[in-house]
Amino acid sequence: MPLRGDFLWGGAIAANQAEGAYQSGGKGMSLVDILPSGIERRNALENPGRTIKTDYGYYPSHESINFYENYKEDIKLFAEMGFKIFRMSISWPRIFPNGDDEKPNEAGLGFYDDVFDELHKYGIEPLVTINHFDTPLALFEKYGGWKNRKLVDFYERYARVLFDRYGNKVKYWLTHNEINMLLHIPFFGAAIDVSESENPDQDKYQSAHHQLVASSIATKIANETNTDIQIGCMLAAGEVYYNTPAPKDVYAALKANREQYFFIDVQSRGYYPSYAWKLFDDLGIELKIKDGDLELLKENTVDFISFSYYSSRLVSADPEVNRQLQGGNAFDSLRNPYLEASDWGWQIDPLGLRITMNQVYDRYQKPLFIVENGLGAKDELTEDGKVYDDYRIDYMKEHLVEMINAVDDGVELWGYTSWGCIDLVSAGTGEMKKRYGFIYVDRDNEGNGTDRRYKKKSFDWYRSVINSNGKNL
Ligand code: BG6
């Protein structure tokens, strides 16, 4: 089966990694705004209480690539590549600076009106993430983040404002970015600090419940606003392989896969899977569920399943073997001897994309959308203003081949948005030097640079991929 004629090709960014202007237009502080870059960042993403300081010197994300002011120029370049869709997020603290404000910030709302209008000018459909690691900092400081039930109400108020305002401009929405990340980097994913928790799992899964309920409420509001709207969940995906055929390793991989699918099981099927209740028992978790929550989950399931894919993972049941677990996009994995890795140690597994797509589709039988995939690399701008990123083209080509193979296997796929289609600040390291884009931005980790945009070699390559609907790879 070939790709659909209306396949949605495009690229993706997130507000907190691209907009900059972190205090302009009435925007409040986001939890990301206080995070350091470099090696100190990983601890802070997990447990800020133990590590966070107030001044880390220069914060690349504060200015980032200044999409806030450059969006017209950037969208023009996306249009030149032939984008059909552009994934972006709305900065929650740009709309509700403190998160608990009674009224939204009109300057923030106006900014996104302008961005959507600019996209539509070129016939590019926006795909909007409501919360991409961007909970207002005040909701962490005042309420302790998503473990507090009040966050559901604040998110509902925020979502209602977005659907009222943009319900006729934006058709595709995602409720939370990589919802399963909150188990691995809880501060980033759920604005919670579990370093002082009596039972960190209790706080993580309580936060998860609140985000799941909030997602259902947003879905309900969206469907009441405009029945054309399509709502998706968003999973940090990547099939977990077992280290050996020993049944105990196979079972360990099954459990690790359930840890990610848990969220999507609820969002897609509408109820907690039976294994979840056993897990809560084992972890000593008593989930606080309000009257009506389970009905909300049941009645407001998602229309499609979106996910990011960077790598597969590998686990063992043997604690000795697991001493060699290493990080990669916040997930730990054993080194797979059959795979190579990026400069940042992320293992590269194109066939893993086909495997993951088939597994997800088999499990849910709903349309899929790949909303992140790409290679973070150190690019070099030559004196004649070029970046010869053949390594990125190779990476993407291999992944797109497997994506098309998965569609041929029978998977229904709506679209593909490559991550960081224009260079931006890395979420995991907070740095500029980890670049994903087809467009190079002249700005470094220390804030030097002109902000000028340059087309990389991959720019023309991706344009030809889109023009041929995936035939010219
Ligand atoms: C995903 C996030 O986890 O991976 C993005 O949704 C992030 O926000 C992307 O940027 C790549 O990770 P990193 O750490 O290389 O920026």
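For the range 225-245, the candidate set comprises residues that are in contact (Cβ under 8 Å) with a residue 12 or more places away in the chain and closer than 22 Å to GLU295 by Cβ; within that set, the residue that is farthest from the ligand (Cβ to nearest atom) is THR225. With respect to TYR275, is the statement that it is within 30 Å of LEU339 (Cβ to Cβ) and of a type outside the set (A, V, I, L, M, F, W, C) true? Considered against the rule, which asks whether it is within 30 Å of LEU339 (Cβ to Cβ) and of a type outside the set (A, V, I, L, M, F, W, C), TYR275 comes out as yes. Within the range 248-270, is even one residue more than 28 Å from HIS210 (Cβ to Cβ), at pLDDT 95 or above and open to solvent by 60 Å² or more (accessible area, probe 1.4 Å)? Yes - at least one qualifying residue is present in the range 248-270.
The C-beta contact set for the range 299-319 (first residue away from the ligand (no atom under 16 Å from the Cβ), second residue aromatic (Phe, Trp, Tyr), distance under 8 angstrom, 6+ apart or interchain) comprises PHE304/PHE369; PHE304/TRP414; LEU314/TYR241; LEU314/TYR242; VAL315/TYR241; VAL315/TYR242; SER316/TYR242; ALA317/TYR251.
Counting only strands (runs of 3 or more DSSP E) wholly contained in the range 324-402, the ones carrying 3 or more residues that are out of contact with any His (no Cβ under 6 Å at 6 or more places or on another chain) and either within 18 Å of PHE459 (Cα to Cα) or of a type outside the set (Gly, Ala, Ser) (or both) occupy 368-372. Among residues of the range 120-147 that are of a type in the set (D, E, K, R), those with a beta-carbon under 6 Å from a residue that is outside any strand (DSSP E or B) and away from the ligand (no atom under 16 Å from the Cβ) at least six positions away or on a different chain give the pairs LYS147/ILE192; LYS147/ASP203; LYS147/GLN206; LYS147/SER207. Per the listing GLU412, GLU402, GLU398, GLU380, the residue uniquely at pLDDT 95 or above, among the acidic types (Asp, Glu), touching a helix residue (DSSP H, G or I) at 6+ places or on another chain (Cβ under 6 Å) and open to solvent by 40 Å² or more (accessible area, probe 1.4 Å) is GLU398. Considered as a group, the residues in the range 1-55 that are among the aliphatic types (A, V, I, L, M) and more than 16 Å from the ligand (Cβ to nearest atom) include one that is nearest to the chain's Cα centre (by Cα), and that residue is LEU8. State whether the residues of the range 195-210 include one that is within 16 Å of the ligand (Cβ to nearest atom), touching a helix residue (DSSP H, G or I) at 6+ places or on another chain (Cβ under 8 Å), of a type outside the set (Phe, Trp, Tyr) and modelled with pLDDT of 95 or more. No, the range 195-210 contains no residue that is within 16 Å of the ligand (Cβ to nearest atom), touching a helix residue (DSSP H, G or I) at 6+ places or on another chain (Cβ under 8 Å), of a type outside the set (Phe, Trp, Tyr) and modelled with pLDDT of 95 or more. Taking the criterion of being closer than 21 Å to SER312 by Cβ, among the aliphatic types (A, V, I, L, M) and either in a helix (DSSP H, G or I) or open to solvent by less than 10 Å² (accessible area, probe 1.4 Å) (or both), would at least one residue in the range 423-432 satisfy it? No, every residue in the range 423-432 fails to be closer than 21 Å to SER312 by Cβ, among the aliphatic types (A, V, I, L, M) and either in a helix (DSSP H, G or I) or open to solvent by less than 10 Å² (accessible area, probe 1.4 Å) (or both). Annotation: of all residues in the range 415-442 being β-branched (Val, Ile, Thr) and at pLDDT 95 or above, the one that is nearest to the ligand (Cβ to nearest atom) is VAL425.
Kindly check whether there is at least one residue in the range 325-342 that is within 14 Å of the ligand (Cβ to nearest atom) and touching a Leu at 6+ places or on another chain (Cβ under 7 Å). Yes: the range 325-342 contains one or more residues that are within 14 Å of the ligand (Cβ to nearest atom) and touching a Leu at 6+ places or on another chain (Cβ under 7 Å). From the list ILE285, ILE305, ILE289, the lone residue that is open to solvent by 20 Å² or more (accessible area, probe 1.4 Å), among the β-branched types (Val, Ile, Thr) and either part of a loop (DSSP other than H, G, I, E, B) or closer than 28 Å to THR175 by Cα (or both) is ILE289. Each residue in the range 153-169 was checked for being under 13 Å from GLU224 (Cβ atoms) and of a type outside the set (A, V, I, L, M, F, W, C), and 4 pass.
Of the residues making up the range 36-64, those that are within 22 Å of GLU19 (Cβ to Cβ) and either of a type in the set (Ser, Thr, Tyr) or modelled with pLDDT of 90 or more (or both) number 9. Restricting GLY11, GLY25 to residues that are surrounded by fewer than 21 Cβ atoms within 10 Å (Cβ to Cβ) and either assigned to a loop (DSSP other than H, G, I, E, B) or touching a residue at least 40 places away in the same chain (Cβ under 8 Å) (or both) narrows the list to GLY25.
The values are calculated or read from the model by the stated rules, or taken from the named source; none is laboratory data. Keep in mind the model is a prediction, meaning the values are calculated, not measured. So basically every Cβ, Gly included, is an ideal-geometry build from the backbone, and we count neighbours across all protein chains shown. What goes into the accessible areas is simple: the full protein's heavy atoms, side chains included, and nothing from ligands, DNA or RNA. Shrake-Rupley method; radii C 1.70, N 1.55, O 1.52, S 1.80 Å.
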